[in-house]
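Comments concern the structure below.
The values are calculated or read from the model by the stated rules, or taken from the named source; none is laboratory data. Everything quoted here is computed from the prediction, not taken from an experiment. Reconstructed Cβ throughout: ideal geometry from the backbone, glycine too, with neighbour counts over all protein chains shown. Only protein heavy atoms, including side chains, enter the accessible area calculation; ligands, DNA and RNA are left aside. Shrake-Rupley method; radii C 1.70, N 1.55, O 1.52, S 1.80 Å.
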Amino acid sequence: MKHAKNITLALAAFLTATLAGIGAEQGKPVSVSETVRALVSERCMDCHDDATSKGDFSLESLGDSVTDVTAIWWLRALEQIERGTMPPPKKKQPAADERQAVVLALESTLASFSESKPVRETAVLRRLNRTEYRRTLEDLLHLDLSRRDPTTEFPDDNRSHGFASDGGKLVTSSYLMRHYLTAAKDVVGRAVHFEPQPETRTWSLSAPFEKTAGGHRHSEREWYAKTLREPQPYQTLEYRRGALPLEDLREGVAMSGWYSFRILAEAKFRYADMDPKKMFGSGSLVDPSQPLRLEMTLSTLVGVDPANKDAVRDALIGSFGEETTLGDRSIAIWDVPDDVPTWLECRVWLEAGQFPRFAFPNGPTDSNNRITGFVKENKYTLLDKKQLAAYEQANLSGDWGHLIFFETPRIRIHKVEVKGPLNEQWPPASHRAIFGDTPYASAKADEVLRAFAERAWRRPVAAADVEPILKLVRSAEKTATDAGAPPEQAAQSAITQGVRAVLCAPEFLYREERAAQLDGREIASRLSYFLWSSLPDDKLMARAAAGDLIKPEVRRNEAERMLADGRADTFVREFLDGWLGMRKLGSMKPQGGGFNVYYDDHLEPAMRTESRLFFKRLLQTNGPIADFLDSDYTFVNRALAKHYGIDWQAAEPSLGKPVEGLTRDDLQPDGAGDSPSQGFVQVKLIDKRRGGLLGQASVLTLTANGVDTSPIIRGIWLLENILGAPPSPPPPNVPVIEPDIRGATTLRQRLEKHRENAACAGCHRQIDPPGFALESFDAIGRWRGHYNPVNNTALPVDPSGDFNGHEFRDVIGFKEALLQRQPQFARSLVEKLLIHALGRELTAADRPAIRRIVEQAATNGYRLRDLVLLCCESDRITRK
């Protein structure tokens with residue numbers, strides 16, 4: 001505990017010393033050019049002089065110079081002139097070359113002023129965010145931490161512009177420091193293995209695998225044990241709710257590692273008579289054209305109070321009504337062959353204490369007892385005479401036992417074989433990443449600490465840098481020896497504490513950039529955390545050590561190599577989470593019976609996968625960013641095709657076929673299993689309403705509130721994330737737009753009333769048209785022509801509008817308007833990329849570099865990979 005306190009105090013001292021003196025610094029005033037002053041005088045003063053000050057914005061009071069006080073207002077004026085929103089569309093407009101000249105002149109002035117400020121204003125000490133912390137540990141220690149994420153209890157990272165990368169927002173608290181200590185202890189405990197190589201065990205398990213739960217499985221056990229008096233040949237998964245645990249392994253595996261699984265299973269009665277017309281509700285949800293699927297998830301009783309029966313039950317079979325989701329909990333999914341017991345295999349990583357559970361994700365639902373009620377009500381037609389006699393003689397109690405006699409879709413699991421841990425070498429890679437290939441001895445403490453710290457801290461490490469940690473190790477070793485521990489054991493325990501201290505040091509937890517011009521290793525970290533959310537690899541560090549990364553062409557080549565690496569998948573996820581807000585998908589889940597399909601068809605993970613595939617393909621093939629605005633293709637699985645009204649029968653033959661830029665695992669998200677039926681295919685879109693991001697259900701769902709849509713929310717999202725032109729916050733005391741519970745007026749009519757308020761009209765002129773263009777999509781992205789009925793009145797949707805002089809009838813016409821704004825979209829995308837890469841707010845000093853990137857990208861048709869590589873080539877990557 002003493003050592004933990006010392007580490008915490010050291011981190012606090014480091015932060016205090018580093019942050020001291022960082023604050024706003026004055027720049028040198030820079031005169032505004034005559035070109036800018038002339039346009040302002042001629043085109044702007046009618047509305048923005050001191051007397052009128054429309055929108056509470058006066059250009060007259062700004063004077064003729066950019067200063068600390070006026071810079072933010074001159075920047076606001078530049079943005080409005082550049083975007084073409086000022087002067088307003090109905091006013092006389094400057095010629096295109098005149099507007100461009102003013103933009104360049106004012107941009108140069110603002111950049112000069114910004115560059116005149118002391119560099120430390122933008123020198124922010126940047127903490128690793130949660131993703132970066134976990135990914136860095138995984139690559140540093142060669143561990144898979146996804147099964148038990150050490151950051152689960154960390155507080156959420158603050159975000160800026162959607163990204164958890166802004167050093168000014170990534171604050172540190174005593175609460176987080178305590179979790180750093182806990183996480184380091186946990187992860188080092190998983191990585192370090194001084195013990196002898198564990199024995200590989202084999203478990204050969206037979207039914208029943210789950211021995212304690214009630215319901216149908218209890219009836220099945222009782223039927224074989226007490227009625228038939230014979231061994232149970234299999235155990236049945238009959239519903240999509242609830243999991244089947246391997247109770248012989250309920251305490252979990254003793255040692256973390258790789259384990260192989262072989263499951264002997266078969267699908268039964270896929271084509272059974274499940275006529276939904278005879279069933280309460282919307283049917284069984286079973287699609288007989290699809291193979292039945294078996295899913296494996298992991299659970300644990302570690303930390304569960306044995307006296308808490310509900311908690312134990314939840315860990316074993318899931319909470320009441322829990323449905324598998326084919327989401328992040330899935331370890332493996334298989335398409336199960338019909339009627340022939342078949343061995344299904346996988347190799348997965350299990351943490352100590354974890355055990356497997358099996359589920360039936362596309363099985364029937366017994367909601368409202370629709371299955372048990374169905375079979376009882378239709379027993380005379382579903383059973384022949386012999387079956388009916390046996391059923392009536394069985395005298396079954398309750399509803400659960402009835403399914404034994406009936407044919408409903410189900411999966412039978414006959415046997416399960418587990419083998420592990422499978423250690424091909426010992427000590428494992430995680431241990432050797434710290435100690436190398438030779439046994440550890442006390443005399444090697446300094447060597448081990450320096451070598452490990454150099455990789456963990458991402459810079460050269462001198463003996464003096466690790467001296468405090470070495471003292472900690474020697475002290476802990478002496479204490480253990482004095483307490484009677486054998487010398488070897490004392491040395492191993494002490495160095496383990498030293499390794500934890502390296503991971504709790506500020507040099508690991510933070511990315512420090514010491515000077516205005518970054519050195520090679522700092523540039524390497526910029527690139528690796530941008531594209532991998534992890535530390536630089538040996539090749540990148542070798543380039544850094546050689547001084548090569550200062551060269552733009554070298555940075556480009558390294559970025560090309562890094563994007564071809566599987567670790568770049570983290571960039572796809574992280575960038576989409578920040579840029580589009582994809583992390584919000586599912587945060588406000590759709591509510592109400594009208595959205596049951598969202599859950600029944602597992603649409604949420606399908607939506608997320610479509611957008612990731614779309615982005616990754618463009619990134620890997622250097623596709624045009626215009627495809628984000630409109631495209632004639634997308635990626636769907638069976639459920640999403642149904643959601644979009646796409647003919648799946650025509651698309652299905654493409655299952656398993658390669659797509660340029662994507663891997664088999666990208667297109668077939670089945671984990672360690674094999675489930676071709678739930679794969680994704682690239683489809684050509686006949687319906688032009690669906691092309692691009694604005695037709696993707698992920699975007700349309702995350703911009704709704706789970707109940708209904710709002711053109712305001714969607715309009716603001718589009719302005720900020722697609723055009724990079726977020727509207728100003730609403731003025732204070734503006735009344736809320738109340739819903740019409742009578743169903744007599746549309747939201748468009750209420751917003752027109754709202755815009756009569758002069759304080760609201762300017763922003764809503766920009767917000768409302770994009771929002772209304774998307775109103776034909778409901779809260780989960782389905783196409784609609786009318787709103788939901790209110791008091792038996794279904795008002796029609798009107799998706800037409802006028803967007804800065806471009807009139808459109810629907811989303812197709814609106815996308816045509818967006819395609820005319822490709823340079824603005826490209827600029828917005830570059831700004832998002834740089835915010836993510838630099839870990840700070842952009843300033844006016846960045847604008848010339850952004851302009852150069854956009855202009856260079858224009859020569860090749862604004863392509864996504866070009867934009868990313870140009871950002872890496874830019875000198876912005878090499879400077880604070």
Of the residues in region 672-697, those that are outside any loop (DSSP other than H, G, I, E, B), modelled with pLDDT under 95 and of a type in the set (Val, Ile, Thr) number 0
Could you say whether any residue in region 789-798 is open to solvent by 40 Å² or more (accessible area, probe 1.4 Å), modelled with pLDDT of 85 or more, outside any loop (DSSP other than H, G, I, E, B) and under 30 Å from Arg863 (Cα atoms)?
no
What tally of residues in region 241-276 results from selecting those that are open to solvent by less than 30 Å² (accessible area, probe 1.4 Å), within 22 Å of Val312 (Cβ to Cβ) and either modelled with pLDDT under 90 or acidic (Asp, Glu) (or both)?
3
Please go through (1) part of a helix (DSSP H, G or I); (2) touching a Ser or Thr at 6+ places or on another chain (Cβ under 8 Å) for Thr701 and return the number of the only condition it doesn't satisfy.
(2)
Inspect region 60-67 for any residue being in a loop (DSSP other than H, G, I, E, B) and out of contact with any strand residue (DSSP E or B) (no Cβ under 8 Å at 6 or more places or on another chain) and give the result as yes or no.
yes
Matching option when the condition is modelled with pLDDT of 80 or more and either within 20 Å of Ala725 (Cα to Cα) or surrounded by 15 or more Cβ atoms within 10 Å (Cβ to Cβ) (or both), among Thr85, Thr109
Thr109
Out of the residues in region 154-186 that are among the aromatic types (Phe, Trp, Tyr) and in contact with a His (Cβ under 6 Å, 6 or more places away or on another chain), which is surrounded by the most Cβ atoms within 10 Å (Cβ to Cβ)?
Phe163
Please determine whether any residue of region 627-641 is in contact with a helix residue (DSSP H, G or I) (Cβ under 9 Å, 6 or more places away or on another chain), part of a loop (DSSP other than H, G, I, E, B) and surrounded by fewer than 20 Cβ atoms within 10 Å (Cβ to Cβ).
yes
If you go through region 314-322 one residue at a time, do you hit one that is at pLDDT below 85, within 24 Å of the chain's Cα centre (by Cα), crowded, with 23+ Cβ neighbours inside 10 Å and within 22 Å of Lys211 (Cα to Cα)?
no
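I want to confirm something. Restricting to region 642-654 and keeping residues that are of a type outside the set (A, V, I, L, M) and part of a loop (DSSP other than H, G, I, E, B), which single residue is nearest to Leu829 (Cα to Cα)?
Gly645
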Look at region 499-519 and say how many of its residues are closer than 11 Å to Thr878 by Cβ and surrounded by 21 or more Cβ atoms within 10 Å (Cβ to Cβ).
1
Out of region 187-217, which residues are of a type in the set (D, E, K, R) and open to solvent by less than 50 Å² (accessible area, probe 1.4 Å)?
Arg190, Glu210, Arg217
Residue among Ala359, Ala443 that alone is surrounded by fewer than 17 Cβ atoms within 10 Å (Cβ to Cβ) and either on the phi < 0 side of the Ramachandran plot or modelled with pLDDT under 80 (or both)
Ala443
How many residues of region 415-435 are open to solvent by less than 30 Å² (accessible area, probe 1.4 Å) and not in a helix (DSSP H, G or I)? The answer is 5
Are any residues in region 682-704 within 18 Å of Trp648 (Cβ to Cβ) and open to solvent by 10 Å² or more (accessible area, probe 1.4 Å), and if so, which ones?
Gln682, Val683, Lys684, Leu685, Ile686, Asp687, Arg690
Scan region 862-879 and tell me whether some residue there is crowded, with 16+ Cβ neighbours inside 10 Å and at pLDDT below 95.
yes
So, first residue touching a residue at least 60 places away in the same chain (Cβ under 8 Å) and under 18 Å from Gln696 (Cβ atoms) in region 714-731, second residue of a type in the set (S, T, N, Q) and crowded, with 19+ Cβ neighbours inside 10 Å, Cβ within less than 6 Å, six or more apart or across chains; the pairs are Arg714/Thr703; Trp717/Thr703; Leu723/Ser828
Name, by its number, the condition in (1) assigned to a helix (DSSP H, G or I); (2) within 21 Å of Pro428 (Cβ to Cβ) that does not hold for Leu143.
(1)
